[in-house]
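The values are calculated or read from the model by the stated rules, or taken from the named source; none is laboratory data. For clarity, every value in this text was computed on a predicted model and none was experimentally measured. Quick reminder, even Gly has a Cβ in these numbers, built from the backbone with ideal geometry, and neighbours come from all protein chains shown. Only protein heavy atoms, including side chains, enter the accessible area calculation; ligands, DNA and RNA are left aside. Shrake-Rupley method; radii C 1.70, N 1.55, O 1.52, S 1.80 Å.
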Amino acid sequence: MEKLKTEVLLPEEIDKAAQLLAEGQVVAFPTETVYGLGANALDPEAVARIFAAKGRPQDNPLIVHCTGREQVEELVREIPKEARLLMERFWPGPLTLVLPKNEVVPGEVTAGLDTVAVRVPAHPVALSLLRAVNFPLAAPSANLSGKPSPTRAEHVLRDLGGRIPAVVDGGETGFGVESTVLDCTRRPFRLLRPGGVTLEELQELVEVSLAPGHLEEGPPPSPGMKYEHYAPEAEVYLVSGPGAAAKILELSEALLRKGQKVGVMTWQERAGLYPGLTVLSMGPEGDLPGLASRLYHLLRQADDLGLEVLFVEAVSERHLGLAIMNRLRKAARGREIST
Ligand code: TXA
Ligand code: MG
């Protein structure tokens, strides 16, 4: 790939970003969840540049970001009544709806599926960019495929610096985990990826079924479910149950003796349980929104610290904990220990 100089744009320079996008280029920008790598969703050549920059498998479809429901209506064949309820309640916000697509949406965006994933982001920079261009933006997370999603412009630069023309620096994103993906083409609606809008919040309005995990039998219902994600270089072990600390200490002792660099990700109040280990603090115990917002930064810190093994204490799967544990399971790639 040709080496580019990646320009860091300020939110005041949104017109420059819009200009690049109008020329068919890709630009990274902040959303309320994570940074996205955007391109004109209606231009197959522009969309191809997203896949090339990220090294993303071609069969993993993209989310199309819109200014509002009116723009979504131009891309889909129909919107079920219950999906309209969800749009009213959660948009703009971290909820992505999978709907039947119409002929306006190129197959390059949807990896040939006859559905399209759409959302209206709640970040002021994302919204002003969408308003400055007059087309919807296809945008996956702006990381190299397989890496943790970027929650700061510096994360984008580390992964995609030299591979994309520009990133708009809007500071740290809010939620820190990606949007919730909900398949609205089947009844009941099906949760494909837990995210910023919680299952409990959705269930207040509609019936929701859970997609089988990607380790179970059968084809994954969402192409993204089968790929490795959110993985730092370190081997991640997800440890749950009342004996977690004792187990982590026991296992790390042997590793430390072999000279390995070992870390543990735990709540701030529990840091003292792990003398001798590098502690990555999850913040105040039980603060799931706080943990979500720093999760990917912590996983990237594990790389910066050169950790070879990272033990992570499991958290509750309620509310944002469902999205957090989903990402941690993928980072652990099946290395789970319950005590
Ligand atoms: O918060 C977010 O959603 C961020 C920001 C940038 O908006 N975007 C993001 O995109 O996380 P990405 O590409 O990393 O994840 C999109 C997910 C993938 O798991 C993909 O398989 C799924 O959405 N998806 C996209 N289109 C789909 C479709 N038509 N049917 C089923 N799943 C789909
Ligand atoms: Mg992603």
Legend entry - In the range 41-62, residue nearest to the chain's Cα centre (by Cα) [restricted to those that are outside any helix (DSSP H, G or I) and of a type in the set (D, E, K, R)]: 56
Inset, instruction - Report, by residue number, each residue of the range 93-113 that is part of a loop (DSSP other than H, G, I, E, B), near ligand 1 (Cβ under 9 Å from one of its atoms) and more than 24 Å from residue 173 (Cα to Cα). - result: 111, 113
Inset, instruction - Give me a count of the residues in the range 292-328 that are under 26 Å from residue 256 (Cβ atoms) and among the hydrophobic types (A, V, I, L, M, F, W, C). - result: 13
Inset, instruction - Report, by residue number, each residue of the range 68-106 that is of a type outside the set (Lys, Arg) and without any contact (Cβ under 8 Å) to a residue 12 or more places away in the chain. - result: 70, 73, 88, 103
Inset, instruction - For residue 23, state whether it is without any contact (Cβ under 8 Å) to a residue 12 or more places away in the chain and either in contact with a helix residue (DSSP H, G or I) (Cβ under 9 Å, 6 or more places away or on another chain) or outside the structural domain of residue 155 (by TED's automatic domain parsing) (or both). - result: yes
Inset, instruction - Consider residue 107 carefully, then state whether it is open to solvent by 20 Å² or more (accessible area, probe 1.4 Å) and away from ligand 2 (no atom under 16 Å from the Cβ). - result: yes
Legend entry - the range 277-297, residues that are crowded, with 19+ Cβ neighbours inside 10 Å and either of a type in the set (Val, Ile, Thr) or more than 25 Å from residue 201 (Cβ to Cβ) (or both): 277, 280
Inset, instruction - Test each condition in (1) aromatic (Phe, Trp, Tyr); (2) more than 11 Å from ligand 1 (Cβ to nearest atom); (3) closer than 28 Å to residue 4 by Cβ for residue 29 and report the one that comes out false. - result: (2)
Legend entry - Considering residues of the range 227-239 that are within 16 Å of ligand 1 (Cβ to nearest atom) and modelled with pLDDT of 65 or more only, the residue surrounded by the most Cβ atoms within 10 Å (Cβ to Cβ): 230
Inset, instruction - Select, from 150, 121, the only residue that is within 29 Å of residue 325 (Cβ to Cβ), touching a Phe, Trp or Tyr at 6+ places or on another chain (Cβ under 6 Å) and buried (at least 24 other Cβ atoms within 10 Å of the Cβ). - result: 150
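This table checks each residue for (1) within 13 Å of residue 232 (Cβ to Cβ); (2) in contact with an Asp or Glu (Cβ under 8 Å, 6 or more places away or on another chain).
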site: 274; (1), (2): no, no
site: 290; (1), (2): no, no
site: 295; (1), (2): yes, no
site: 298; (1), (2): yes, no
site: 302; (1), (2): yes, yes
site: 315; (1), (2): no, no
